[in-house]
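See below for the structure under consideration.
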Amino acid sequence: MMKNENPIGLFDSGIGGTSIWREVNKLLPNEHTIFLADQKNAPYGAKSKQEIINLSYKNVEFLVQANCKIVIVACNTATTNAIVELRANFNIPIIGIEPAIKPAASLTKTSTIGVLATKGTITSSIFSEKTKLYSNVNIIEKIGYNLVSLIEAGKIKSEEMKNLLKEYLVPMVDQGMDTLVLGCTHYPYLIPIIKTIIPDDILIIDSGEAVAKQTKKVLQENDLLSSSEEIGKNIFYSNIDTAILETFIPKNSIAKQIVF
């Protein structure tokens with residue numbers, strides 16, 4: 001029997017999933033959390049499906065051993081490539097994340113949306129199946145080569161980052177995009193730069209808030225919500241030096257380097 005006060009577990013290929021953690025923590029501040037950043041193996045986007053499954057399995061195994069009551073796959077690439085296998089092999093609720101095409105399709109006025117995501121997400125069968133559901137919408141897909149690597153290296157504000165984003169986004173704008181879906185949990189950290197490149201009236205959508213709401217719903221359905229009135233404890237693990245990870249998490253959080 002799972003204990004209500006056990007932590008929520010989250011993992012990502014790196015620090016990007018902390019954008020999901022922020023939304024979960026905002027909605028469920030009394031929950032304990034454990035976040036695992038597999039930075040040593042980032043980015044996942046260029047890896048094979050089997051490599052992504054193997055890494056994801058190892059990550060969930062770590063979180064299960066840490067007594068997590070639920071696991072959030074805070075990585076689009078891991079979700080679209082490994083969620084089926086993870087749910088088949090672990091006996092706890094597992095929440096996935098995928099590009100927010102559905103809300104974008106309902107909000108677009110030009111019937112043209114852009115999706116910026118990793119190669120692993122865009123070339124996945126789940127992503128392909130999802131886009132087929134919206135044949136009435138022109139979906140411009142763009143692989144964000146090297147964006148995750150630059151974020152993981154702490155180069156968010158670099159000229160290289162700005163030039164890459166211009167290269168990816170300007171053609172999408174020229175094709176009539178009025179809604180941009182950020183299909184990688186790293187990408188919300190790029191929003192300030194993205195806003196300097198695309199027109200103000202283009203809507204930017206990510207999946208963080210929706211994932212947080214889904215997590216709360218699943219916890220309620222399984223009677224796993226914490227009953228504590230105290231603020232939860234948050235532990236962040238990385239398998240490399242934690243210096244960059246620490247710049248993405250609250251100052252009162254615990255960051256630990258592990259051999260993993």
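Just a few scattered comments:
- Using the Karplus relation 6.51 cos²θ - 1.76 cosθ + 1.60 with θ = phi - 60°, the per-residue 3J(HN,Hα) values for region 56-73 come to 5, 4, 4, 5, 5, 4, 4, 5, 5, 5, 8, 6, 5, 8, 7, 10, 9, 7 Hz, with x marking Gly and Pro.
- Packing, as the average of other Cβ atoms within 10 Å across residues, places the peptides 103-114, 140-151, 177-188 in the order 177-188, 140-151, 103-114, highest first.
- Distant-in-sequence amide H partners of Phe236 (H built 1.01 Å from N, under 5 Å): Phe35, Ile254, Ala255, Lys256
- Other residues within the sphere of radius under 12 Å centred on the Cβ of Ile122, judged by their own Cβ, net out at +1 (K and R +1, D and E -1).
- Only Lys, Arg (+1) and Asp, Glu (-1) charged, at Cβ; the chain dipole about Cα centre in debye: 140 debye
- Sequentially through region 241-255, phi angles give Karplus couplings (6.51, -1.76, 1.60; θ = phi - 60°) of 3, 8, 4, 6, 3, 5, 6, 10, 10, x, 5, 8, 8, 9, 10 Hz, Gly and Pro residues having no value and appearing as x.
- Residues of the chain: accessible area per residue with a 1.4 Å probe, Å²: 47 Å²
- Greater than 32 Å apart at Cα, pairs in Lys130/Lys162; Lys132/Lys233; Lys142/Lys233; Lys69/Lys142; Lys102/Lys251: Lys132/Lys233; Lys142/Lys233; Lys69/Lys142; Lys102/Lys251
- Trypsin sites (Lys or Arg not before Pro) within region 161-260: DSSP coil, no more than 13 neighbouring Cβ in 10 Å: Lys233, Lys251
- The mean of 1/r over all pairs of different alpha-carbon atoms in region 37-178, once inverted, gives a Kirkwood hydrodynamic radius of 16.5 Å.
- Tilt relative to the chain, helix 76-89 - C-alpha long axis, 0 to 90 degrees, to 10: 40 degrees
- Under the Karplus curve 6.51 cos²θ - 1.76 cosθ + 1.60, θ = phi - 60°, whole-Hz ³J(HN,Hα) for region 174-183, x wherever Gly or Pro sits: 4, 8, x, 4, 10, 9, 10, 9, 8, x
- The distance from the alpha carbon centre of region 97-168 to that of region 43-68 is 22 Å, rounded to a whole number.
- Hydrodynamic radius by Kirkwood, which averages 1/r over all alpha carbon pairs of the chain, in angstrom: 18.5 Å
- Förster-model FRET efficiency, 22 Å R0, Asp200 and Asn163, C-beta, rounded to 0.05: 0.55
The values are calculated or read from the model by the stated rules, or taken from the named source; none is laboratory data. Source: prediction; values computed, not measured. Cβ: placed from backbone, ideal geometry, glycine included. Neighbour counts: every protein chain shown. For the accessible areas, the whole protein counts, side chains as well, though only heavy atoms, and no ligand, DNA or RNA atoms are used. Shrake-Rupley method; radii C 1.70, N 1.55, O 1.52, S 1.80 Å.
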